[in-house]
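All of the numbers you see were taken from the coordinates with simple rules; none came from a lab. Keep in mind it's a predicted model, so treat the numbers as computed, not measured. Ideal geometry is used to build each Cβ from the backbone, glycine not excepted, and the neighbour counts take in all protein chains shown.
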Amino acid sequence: MPDKFKFAFMPSASCGGCEIAIVDIDEVILKVAELADIVYWPTALDFKDHHLEALPDGSITVGFFNGAVRNDHDVHHAKLLRQKSAFVVAFGACAQMGGIPSLGNFWTTEELAHRMYDTVPSVNNPEGTRPQLKYDAPEGELTLPRAMDRAYALDQVIDVDYYLPGCPPQVKWIVAAVEAVASGELPPKGTVIAGTKAVCDECPRERSEEKQVTEFKRIHLVENDPEKCLLEQGIMCCGPATRDGCEAACVTAGQACRGCFGPTDNVNDMGAKLASAIASITVADAQEEADRILGHLDDPAGYFYRFGLAKSMLGVQRGEFKPEAE
Amino acid sequence: MLKKILGQMGLNPGRLRLEWLSASEAQRYAATVAEFTDEIRALGPIPAGVEDAAVAKEEVHAG
Amino acid sequence: MQKIEIDPISRLEGHGKIAIFLDDAGDVAEAYLQIPELRGFEQFCVGRPVEELPRITPRICGV
């Protein structure tokens, strides 16, 4: 190894949990420090944009990008990181597929802003003041980034080499990624650094051959049997479509999977796969009966695309139809 | 459930229809398809995607 | 008038930007703190089942 590698960690529309996950690797961070110089990580160290801009193009070995791409400043950051990095890793569910912030894609940005600045109970804004992209303060001009019409996944904006899934990514996969860089044995481009099967394959709960559900129930309304498959107990679980590698963490803790690792390799659209999985275990003789059973899933799109609405093939169309719930 | 998802995704649930027909019901089959085709025609193309496409082209894929 | 812009504010989660304006004597005339981020939790939690919120709202800040 001639030189030390260079790593950069770029946050965008995120919660900071991904950055905590990096620190969570504990003493492995020392190995990272031995292996690489961190050249940009504003969440943890005092870096400014001009530090990143001053680096030669392609000089960063791996640029880790966490968070969804929500405004034009994020777009600028994404492109800048791409320009400066040999490899870009979409780090965490938001960068991989939009994550929780992409749930906002159910609404227009104007609707989100209206709620935030006008109608939230804790807001008192009778004059309807809104953040302005440009403001001429007496002392000079101030600017803000422009929020785009929706949240995008990183690969909808720039070319992405690898994906580290999860909300947040699991320590063992971060370590695996660092080790891959250290050894020089890189997987093919586009690889999602995690398991290759579904969460169900890792899940310790017992499944019967024939899943049959005659009633879907909300998780707090049942006392769930910790030994038995949640879906078989009528509790909505995203395990069948979700990539494994988390050791079924949520399910082991008594909560249903919500799909933060994203779809497995052979699933194109998480929602479509889950809809088909749910339909195939629902036992009904007549359409009315099926409607009644499935009617108990109050928020199917919210379950199926909890972490990945930005990557939904259907996309959210606006202007044609507004469900009453909204 | 699919209709509910379509609604949540901002699409008119009327764009999806499920009918059970037997192979011997040729006339009903033809009538159902014709009827649904008319319904979809009346709904017209999905109006959205416009704002989205503009942003995607202009800002997202520009570089 | 001289302007010092600190962007991003580092060593914290979330996005912040500070603009400081200095007068001719080099003293601070005015300082502005800006929060340049919009995600929309206030709106997109609406319509989600209440028992799901403990798994959505932690993503406001994960630190």
* Per-residue mean of other chain beta-carbon atoms within 10 angstrom of the beta-carbon, peptide A:144-157? -> 4
* Which ³J(HN,Hα) values, rounded to whole Hz and listed in residue order, are derived for segment A:112-129 from phi using the Karplus coefficients 6.51, -1.76 and 1.60 in 6.51 cos²θ - 1.76 cosθ + 1.60 with θ = phi - 60°, glycine and proline given as x? -> 4, 5, 4, 5, 5, 9, 10, 10, 4, x, 7, 9, 10, 9, x, 8, x, 5
* Asked: Over all distinct Cα pairs, what is the inverse of the mean 1/r for chain C, reported as the Kirkwood hydrodynamic radius in Å?
  -> 14.5
* Please identify which residues in segment A:6-48 have an amide N closer than 17 Å to a label point set 7 Å out from the Cα of C:I60, following the Cα→Cβ vector. => A:14-17
* Structure fact -> For A:K172, counting only aspartates and glutamates whose alpha-carbon sits under 19 Å away and dropping same-chain residues fewer than eight positions off, the answer is A:E19, A:D24, A:D26, A:E27, A:E34, A:E185, A:D201, A:E202, A:D244, A:E247
* Structure fact -> Residue-ordered couplings for segment A:15-20, obtained by feeding phi - 60° into the Karplus form 6.51 cos²θ - 1.76 cosθ + 1.60 and rounding to whole Hz (Gly and Pro as x), are 10, x, x, 5, 5, 5
* Structure fact -> Residue by residue through segment A:142-159, the couplings from Karplus 6.51 cos²θ - 1.76 cosθ + 1.60 with θ = phi - 60°, in Hz, x for Gly and Pro, are 10, 10, 10, x, 8, 5, 6, 5, 6, 8, 10, 7, 4, 6, 8, 10, 9, 6
* **Estimated [θ] at 222 nm from DSSP helical runs (n ≥ 4, -39500 (n - 2.57)) normalised by residues in the protein assembly as shown, nearest 500** => -7500 deg cm²/dmol
* Proximal aspartates and glutamates relative to A:K273, as straight alpha-carbon distance under 14 Å, when same-chain residues fewer than 8 apart are discounted -> A:D265
* Given the alpha-carbon gyration tensor of segment A:70-202, what are the semi-axes of its equivalent ellipsoid in whole angstrom, ordered largest first, with each equal to the square root of 5 times an eigenvalue? -> 37, 20, 11
* Express in nm, to one decimal, how much length is gained between A:E288 and A:Y117 on full extension, taking 0.36 nm for each residue of separation and deducting their alpha carbon distance. => 57.3 nm
* Among A:E110, A:E288, A:E127, which one shows the biggest mean-square fluctuation in a GNM of chain A, springs joining Cα atoms closer than 10 Å? -> A:E127
* Asked: R0 = 35 Å: FRET efficiency of A:H296 with A:T129, Cβ-based, nearest 0.05?
  -> 0.25
* Asked: Using the scaling law 2.2 N^0.38 Å as the reference, what is the normalised Cα Rg of segment A:109-148?
  -> 1.35
* Structure fact -> Once both label points are put 7 Å beyond Cα along the C-beta direction, the A:D26-C:K3 separation in nm becomes 4.8
* **Residues in segment A:231-249 that a label on A:K172 would reach, taking backbone N under 17 Å of a point 7 Å out along Cα→Cβ** => A:243-249
* Where in segment A:128-149 does the amide nitrogen come within less than 14 Å of the point 7 Å from the Cα of C:A29, taken along Cα to Cβ? -> A:136-142
* Asked: So who's got an amide H within less than 5 Å of the one on A:A151, skipping anything under 5 residues away but keeping other chains? H placed 1.01 Å off N, in plane.
  -> A:N105
* Structure fact -> Surpassing 23 Å at the alpha-carbon level, of the pairs A:K31/A:K189; A:K4/A:K84; A:K48/A:K84; A:K217/B:K4; A:K79/A:K189, are A:K31/A:K189
* Asked: Got a sec? Charge dipole of segment A:199-311, +1 on Cβ for Lys and Arg, -1 for Asp and Glu; which of A:A277, A:Q233, A:G245 is way out at the positive end?
  -> A:G245
* **Size-normalised alpha-carbon gyration radius of segment A:199-311, reference 2.2 N^0.38 Å** => 1.01
* Structure fact -> Quick shape check on segment A:1-93: root eigenvalues a ≥ b ≥ c of the Cα gyration tensor, a/c under 1.5 is rounded, otherwise prolate if a/b tops b/c, else oblate, and it reads oblate
* Of A:L309, A:L30, A:L221, the one that fluctuates the most in a GNM where chain A has Cα springs shorter than 10 Å -> A:L221
* Asked: Roughly speaking, what % of Cα-Cα pairs in chain A are separated by over 31 Å, rounded to a whole number?
  -> 40
